[in-house]
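Everything below concerns the one structure shown next.
The values are calculated or read from the model by the stated rules, or taken from the named source; none is laboratory data. Quick caveat: nothing in here was measured; it's all calculated off a predicted structure. Note that each Cβ is placed from the backbone with ideal geometry, even for glycine, and that neighbours are counted across all protein chains shown.
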Amino acid sequence: MKQPVHGGNLVWAAEQIGCPVSSILDFSASINPLGPPPSVLTAIQSALGSLKHYPDPNYTELRETLSQWHQLPSEWILPGNGAAELLTWAGRELAQEKLTYIMIPAFRDYWRGLQAYGANIFPIPFPWQTPNSLKFWDNCPETNAGIIINNPHNPTGKLLTQEGLLPALERFKLVVVDEAFMDFVPPSQQESLIPMIADYPNLVIVRSLTKFYSLPGLRLGYAITHPQRLQQWQSWRDPWPVNSLAVSAGIAAINDETFVQQTKQWLLSAHEQLLIGLSQIEGLTPVPSSVNFLLVQTQIPSSQLQQELLQKYRILIRDCLSFETLGDRYFRVAVRTLTDNNKLLEGLSAILHQTDILNQNK
């Protein structure tokens, strides 16, 4: 099986070492390890009887729930089969512009949607290592264009501010902001553009419900933008893209405040533990992050680390070969439970220590 470009492919990992998928400890996909919430599993069980009927094509109840959550009219919200489906329709619309800017490194799936509709893609190096990173707008001479932005940024975890994003909203014809990881940012620090959506007809926000609530297998996301645009998207896509179980799960998840509080408490301590632990391993330099994953610079190839962790400890990390400008000297890891994090730290420490000994003996 060909090595995947996305994280979370446990079938590929298990095939590499000949073990069951269930025995792999997955740090490659940035999913909340506390979920799915019990309330969601209960909702799915209760909704099994709905499988004999088609879903509501307008997803009225789910849209109303999201409407109350974000304090927006439901007409401004469109559920989708994961954020990926909605990024496809955003890509179709972006492809109609003269060109589309993408900050790199970036989530590889952006290219899929854009290339499917023949977009003229113009990558912009994102200077995430410099204090004034938002000056990258200066590298976009064409204003009759579209742009797709990831905030918080994947894979660096850098959080862009509302103030810093305003120039893009004023400058470009269409601005698509992927906020898939925004829920992991503490409420007092969030920089979502949702409060600005009514003021900018050229703004599209794409959100995910699968990462925070640990539901990637259900595929559930939503877009927020002007109703006229959403009506156009609906005319492009298949009917009933979101299944009934995903609808029930989404409604239950959004209403589960207890799970939200548990996640906040877990992430605060687990994130600090992992960041400090990685920084204490010689040969690794973690990048401070605002979310539930960490980008790590490594002195030995990340592909070597990935294979050794998998073979020796059944731990899967995400190499960064598919992220432009990063290559084989970076890897990305999700923040997991304190126990899981310790297993990763012990494995990395042992591999880096053994590599150092071998290098000294050469």
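Values for this structure:
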{"quantity": "Sole residue being free of Cβ contacts under 8 Å to residues at least 60 places away in the same chain and buried (at least 22 other Cβ atoms within 10 Å of the Cβ), chosen from G49, G80, G91", "calculated": "G91"}
{"quantity": "Candidates I149, I104 - the one that is touching a helix residue (DSSP H, G or I) at 6+ places or on another chain (Cβ under 9 Å) and of a type outside the set (F, W, Y)", "calculated": "I149"}
{"quantity": "Cross-chain or 6+ apart pairs with Cβ under 8 Å, segment 229-251 first and in contact (Cβ under 8 Å) with a residue 40 or more places away in the chain and at positive phi, then assigned to a loop (DSSP other than H, G, I, E, B) and not acidic (D, E)", "calculated": "W240/Y54; W240/P55; W240/P57"}
{"quantity": "Test result for S208, crowded, with 17+ Cβ neighbours inside 10 Å and either touching a residue at least 40 places away in the same chain (Cβ under 8 Å) or in contact with a strand residue (DSSP E or B) (Cβ under 7 Å, 6 or more places away or on another chain) (or both)", "calculated": "yes"}
{"quantity": "Of the criteria (1) touching a helix residue (DSSP H, G or I) at 6+ places or on another chain (Cβ under 7 Å); (2) within 18 Å of A253 (Cβ to Cβ); (3) surrounded by fewer than 21 Cβ atoms within 10 Å (Cβ to Cβ), which one Q68 fails", "calculated": "(1)"}
{"quantity": "Residue check for K158: surrounded by fewer than 23 Cβ atoms within 10 Å (Cβ to Cβ), within 23 Å of R332 (Cα to Cα), not assigned by TED's automatic domain parsing to the domain that holds F293 and not acidic (D, E)", "calculated": "yes"}
{"quantity": "Leading residue by the ranking (nearest to P38 (Cα to Cα)) among those in segment 199-230 that are of a type in the set (S, T, N, Q) and over 15 Å from the mean Cα position of the chain (by Cα)", "calculated": "T225"}
{"quantity": "N154 vs. criteria within 27 Å of D256 (Cα to Cα), among the polar types (S, T, N, Q) and touching a residue at least 60 places away in the same chain (Cβ under 8 Å)", "calculated": "yes"}
{"quantity": "Filtered residue count, segment 285-315, keeping only those that are more than 19 Å from Q190 (Cβ to Cβ), aliphatic (A, V, I, L, M) and touching a Phe, Trp or Tyr at 6+ places or on another chain (Cβ under 9 Å)", "calculated": "6"}
{"quantity": "The one condition in (1) part of a helix (DSSP H, G or I); (2) more than 27 Å from K343 (Cβ to Cβ); (3) among the hydroxyl-bearing types (S, T, Y) that Y222 fails to fulfil", "calculated": "(1)"}
{"quantity": "Set F122, F126, F184: member being surrounded by fewer than 23 Cβ atoms within 10 Å (Cβ to Cβ), under 25 Å from C320 (Cβ atoms), touching a residue at least 12 places away in the same chain (Cβ under 8 Å) and not assigned by TED's automatic domain parsing to the domain that holds P286", "calculated": "F122"}
{"quantity": "Single residue of F212, F293 found to be closer than 22 Å to T156 by Cβ, in contact with a helix residue (DSSP H, G or I) (Cβ under 7 Å, 6 or more places away or on another chain) and either assigned by TED's automatic domain parsing to the domain that holds L62 or modelled with pLDDT of 95 or more (or both)", "calculated": "F212"}
{"quantity": "Any hit, segment 36-48, residues being under 20 Å from the mean Cα position of the chain (by Cα) and under 19 Å from V333 (Cβ atoms)", "calculated": "no"}
{"quantity": "Any hit, segment 41-64, residues being touching a Gly at 6+ places or on another chain (Cβ under 8 Å) and either outside the structural domain of G157 (by TED's automatic domain parsing) or more than 21 Å from L344 (Cα to Cα) (or both)", "calculated": "yes"}
{"quantity": "Residue that is nearest to the chain's Cα centre (by Cα) [pool: residues in segment 132-189 that are part of a helix (DSSP H, G or I) and of a type in the set (K, R)]", "calculated": "K135"}
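Residue-by-condition table, conditions (1) in the same structural domain as S22 (by TED's automatic domain parsing); (2) among the acidic types (D, E); (3) in contact (Cβ under 8 Å) with a residue 24 or more places away in the chain:
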position	(1), (2), (3)
E308	yes, yes, yes
D319	yes, yes, no
S322	yes, no, yes
G327	yes, no, no
